[in-house]
Amino acid sequence: MPELPEVEAVCRKLRRDAVGALIERVIVYRARSTHPQHPSELERAAGQRIESIERRGKNILIHLSGGLVLRVHLRMTGNLFVVPDARLHSERVRVCFALQDGRGLVFEDTRALGVINLHGTEDLDRVLSDIGINPLTRAFTPEWLVQAASASKRPAKLFLMDQSIIAGVGNIYAAEALFRARIDPRKPMNGIRRPKLEALHAAIVDILRQGIKAAVIAYSKPGDYSDTRFIVYDRKDEPCNTCGRKIQRIVQGGRSTYFCPGCQC
DNA sequence: TCGATCCTGTAG
DNA sequence: CTACAGGATCGA
């Protein structure tokens with residue numbers, strides 16, 4: 001489920017629902033979800049108030065009183081939201097923060113690959129020191145991308161998905177941005193010419209912004225948010241909207257890459 | 001730079 | 001049954 005746009009949607013909802021709430025009790029149902037910390041570490045959040053919500057790439061940072069920060073990574077199937085009654089939630093909930101008003105902030109995660117940790121402000125910086133540029137800030141310019149590209153000979157798709165370069169782009173939006181910019185996902189980054197990189201820059205920003213809009217709407221409704229269709233992602237053997245050739249699926253870095261062999265060459 | 005690994009669920 | 005899933009980390 002979550003790449004930058006979906007994580008951003010989760011954060012916006014939490015700002016509305018969770019900020020100001022007092023954490024009364026922490027219940028860890030699945031010890032490994034706090035890896036590498038011991039579940040008891042999380043219990044230090046009890047008695048603290050939720051002051052603000054921040055997003056760094058795909059990380060959700062919940063700033064608490066007392067200088068503590070909860071860091072949540074949703075990985076593949078995680079979700080984080082407030083339920084009206086802390087005692088009533090699904091069996092997929094790995095951690096529950098019981099709030100003083102009776103509600104619950106729950107970390108739900110079907111595949112249980114997600115992680116939730118508690119940090120002091122010092123070691124938070126250390127944990128996040130490897131995070132790349134925020135593609136939705138003014139620092140992310142075409143010039144920045146040209147520079148970064150010149151320093152990497154990795155295939156374009158893997159470059160985009162590297163969280164230490166650009167923070168937040170994942171498998172779907174990488175594929176979509178490359179299609180929009182008509183770049184072959186296998187092409188070494190340092191071999192892509194400036195006009196293409198400028199197009200890629202615009203595509204990344206556009207697609208993420210549009211993704212946030214869609215995700216905010218999807219997350220505001222109950223139920224299923226996986227009904228969105230994409231231009232190339234998950235469209236193996238379907239005809240390209242632009243040229244009609246069949247979308248191809250290849251594997252890069254152990255992940256599926258979808259692209260149009262006609263448009264992206 | 002691979003491949004395995006952490007997990008559960010769904011589609012074919 | 002197998003393949004694959006919107007992520008990241010680890011060791012070879």
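Here are a few things to note about the model shown:
- Close pairs (6 angstrom Cβ cut-off, 6 or more residues apart or separate chains): more than 20 Å from A:Thr257 (Cβ to Cβ) and touching a residue at least 60 places away in the same chain (Cβ under 8 Å) in region A:143-159, away from DNA strand B (no atom under 14 Å from the Cβ) and of a type outside the set (Phe, Trp, Tyr) anywhere: none
- Single match in A:Arg111, A:Arg126 (criterion: within 16 Å of DNA strand B (Cβ to nearest atom) and not aromatic (Phe, Trp, Tyr)): A:Arg111
Yes or no, residue by residue, for (1) polar (S, T, N, Q); (2) in a helix (DSSP H, G or I); (3) under 24 Å from A:Pro2 (Cα atoms); (4) within 21 Å of the chain's Cα centre (by Cα):
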| residue | (1), (2), (3), (4) |
| --- | --- |
| A:Glu198 | no, yes, no, no |
| A:Leu208 | no, yes, yes, yes |
| A:Gly211 | no, yes, yes, yes |
| A:Val232 | no, no, yes, yes |
| A:Cys265 | no, no, no, no |
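- Residue in region A:95-153 that is surrounded by the fewest Cβ atoms within 10 Å (Cβ to Cβ), counting only those that are modelled with pLDDT of 95 or more and of a type in the set (Ser, Thr, Tyr): A:Thr137
- Cross-chain or 6+ apart pairs with Cβ under 8 Å, region A:1-13 first and aromatic (Phe, Trp, Tyr) and within 9 Å of DNA strand C (Cβ to nearest atom), then part of a helix (DSSP H, G or I) and modelled with pLDDT of 95 or more: none
- The residues of region A:76-92 that are out of contact with any Phe, Trp or Tyr (no Cβ under 6 Å at 6 or more places or on another chain) and surrounded by 15 or more Cβ atoms within 10 Å (Cβ to Cβ), listed by number, are A:Thr77, A:Gly78, A:Asn79, A:Phe81, A:Val82, A:Val83, A:Ala86, A:His89, A:Arg92.
- Taken together, A:Asp206, A:Asp184, A:Asp162 contain a single residue that is acidic (Asp, Glu), farther than 22 Å from A:Pro261 by Cα, in contact (Cβ under 8 Å) with a residue 12 or more places away in the chain and within 16 Å of DNA strand B (Cβ to nearest atom), which is A:Asp162.
- Counting the residues of region A:21-35 that are within 24 Å of the chain's Cα centre (by Cα) and touching a residue at least 24 places away in the same chain (Cβ under 8 Å) gives 7.
- Of residues in region A:59-91 being under 22 Å from the mean Cα position of the chain (by Cα) and polar (S, T, N, Q), the one nearest to DNA strand B (Cβ to nearest atom): A:Thr77
The values are calculated or read from the model by the stated rules, or taken from the named source; none is laboratory data. Quick caveat, the model's predicted, so the values are computed rather than measured. Positions of Cβ are backbone-derived with ideal geometry, glycine not excepted, and every protein chain shown enters the neighbour counts.
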